[in-house]
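**Q** Below: one structure in structure tokens.
The values are calculated or read from the model by the stated rules, or taken from the named source; none is laboratory data. What you are looking at is a predicted structure, and each value in this text was computed from that prediction instead of being measured. Here the Cβ is made from the backbone with ideal geometry for all residues, glycine too, and neighbour counts use every protein chain on show. Only protein heavy atoms, including side chains, enter the accessible area calculation; ligands, DNA and RNA are left aside. Shrake-Rupley method; radii C 1.70, N 1.55, O 1.52, S 1.80 Å.
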Amino acid sequence: MKFLEKVFTIMALIGVLIKLAGLTGGLPLIALSLICLSIHYLLCGFFLFNDIRLRDCFKRSSYKEITALKIIGSLVSAVVLSVLIAGILYRLLYTDGNMMILIFTLALNVVFTLSLAFTVSIRHIAFYKNILIRSAILLIISACLTIAPSKYLDLQKKKIITEQVTCIDNSLKA
């Protein structure tokens, strides 16, 4: 489970580097990896946060130390992290209204991260610290994407638009 999370994260980082280098193929790689990571959190988040291996998910011994509070916390965390990744993906793929969605997910992430930080400061449980680390990383990425001017994120989109306008102008001149 943690291996897949690392693979999808590294794929997303490689996609961002490809995009920043101006090469083609960065956006599909980012989209594929973030969609897979979001689905991974949504479907397997309970097992990931409770350190249950997929092959041990049908063994009763895997669930001995899991309380009802951990079940609720891991399910809520899985849904929230999945939505946060979807918001980041929405911003990176240049769809209309992307800033409002990113601000909503950023606000959701701030509330979620602060509540986790409060819980960690009271209980000192490693279960919540692992979720807090993931949430804080997504908070930093969301904040950077919110602050970053869209002209730096839309380089490829502007390039495509100018090529289309150039083609239209050339066809009108002919």
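**Q** Could you please let me know if ILE39 is of a type in the set (A, V, I, L, M) and touching a residue at least 24 places away in the same chain (Cβ under 8 Å)?
**A** yes
**Q** Now, a different point. Can you tell me which residue in the range 115-130 is surrounded by the fewest Cβ atoms within 10 Å (Cβ to Cβ), limited to those that are of a type in the set (Gly, Ala, Ser) and modelled with pLDDT of 80 or more?
**A** For the range 115-130, the residue satisfying everything is SER121.
**Q** Something else: Assess whether ILE35 counts as being open to solvent by less than 90 Å² (accessible area, probe 1.4 Å), under 19 Å from SER142 (Cα atoms) and within 13 Å of the chain's Cα centre (by Cα).
**A** For ILE35, the condition - open to solvent by less than 90 Å² (accessible area, probe 1.4 Å), under 19 Å from SER142 (Cα atoms) and within 13 Å of the chain's Cα centre (by Cα) - is met.
**Q** Name the pairs: first residue in the range 120-138 and free of Cβ contacts under 8 Å to residues at least 60 places away in the same chain, second residue open to solvent by less than 40 Å² (accessible area, probe 1.4 Å) and among the aromatic types (Phe, Trp, Tyr), Cβ to Cβ under 6 Å, at least 6 apart or on different chains?
**A** Cβ pairs passing all conditions: VAL120/TYR128; SER135/PHE112.
**Q** Still on this structure, please answer the following. Pull up the range 38-70, narrow it to residues that are under 15 Å from the mean Cα position of the chain (by Cα) and among the hydroxyl-bearing types (Ser, Thr, Tyr), then point me to the one that is surrounded by the most Cβ atoms within 10 Å (Cβ to Cβ).
**A** Restricting to residues being under 15 Å from the mean Cα position of the chain (by Cα) and among the hydroxyl-bearing types (Ser, Thr, Tyr), the top hit is TYR41.
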